[in-house]
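**Student:** Following this message is one structure expressed as structure tokens.
What follows is calculated from the coordinates using simple rules that are stated; it is not laboratory data. As the structure is a computational prediction, the values presented were derived from the model and not from experiment. Backbone-built Cβ (ideal geometry, glycine too); neighbour counts: all protein chains shown.
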Amino acid sequence: MKNKLYIQDLILKESNLILSLLYNQDLNVCICRSDNIAHYVENKLIRILYNGNINYLAIPIDQAMKKIIILKYRNRFISKIYGIKSNEEDIISFG
């Protein structure tokens with residue numbers, strides 16, 4: 001059986017690249033999955049910002065969370081989960 005590779009593990013493995021992207025003013029993030037992966041991805045992105053690296057200083061957890069919230073507010077971090085009902089009780093679907 002092949003070893004499984006989870007997106008949240010890949011994010012941590014590529015954290016230096018992803019951290020530089022998180023500081024790119026043109027960044028747009030879109031997560032589309034059928035499970036709770038969006039939650040895991042968001043947590044890993046916050047962790048990457050919190051940890052920092054040689055090029056980007058670590059930031060407090062509240063600032064890391066705020067950065068993700070701002071991306072969401074600006075519609076630059078979009079998360080759609082298949083099979084979850086929206087406020088209008090419609091199933092979110094993708095073409």
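**Student:** Taking the range 1-20, which residues are under 11 Å from Leu49 (Cβ atoms) and among the hydrophobic types (A, V, I, L, M, F, W, C)?
**Tutor:** Answer for the range 1-20, where residues must be under 11 Å from Leu49 (Cβ atoms) and among the hydrophobic types (A, V, I, L, M, F, W, C): Ile18, Leu19.
**Student:** Here's a check for you: in the range 15-55, which residue that is under 13 Å from the mean Cα position of the chain (by Cα) and charged (D, E, K, R) is farthest from Asn75 (Cα to Cα)?
**Tutor:** Here the residue is Arg47.
**Student:** Still on this structure: Here are Leu19, Leu45, Leu49: which of them is part of a helix (DSSP H, G or I), touching a Phe, Trp or Tyr at 6+ places or on another chain (Cβ under 7 Å) and surrounded by 13 or more Cβ atoms within 10 Å (Cβ to Cβ)?
**Tutor:** Details: Leu45 fails: touching a Phe, Trp or Tyr at 6+ places or on another chain (Cβ under 7 Å); Leu49 fails: touching a Phe, Trp or Tyr at 6+ places or on another chain (Cβ under 7 Å).
Going through Leu19, Leu45, Leu49 in turn, the sole match is Leu19.
**Student:** Go through the range 29-42 and give me each residue that's within 14 Å of Lys67 (Cβ to Cβ) and outside any strand (DSSP E or B).
**Tutor:** The one that is within 14 Å of Lys67 (Cβ to Cβ) and outside any strand (DSSP E or B): Glu42.
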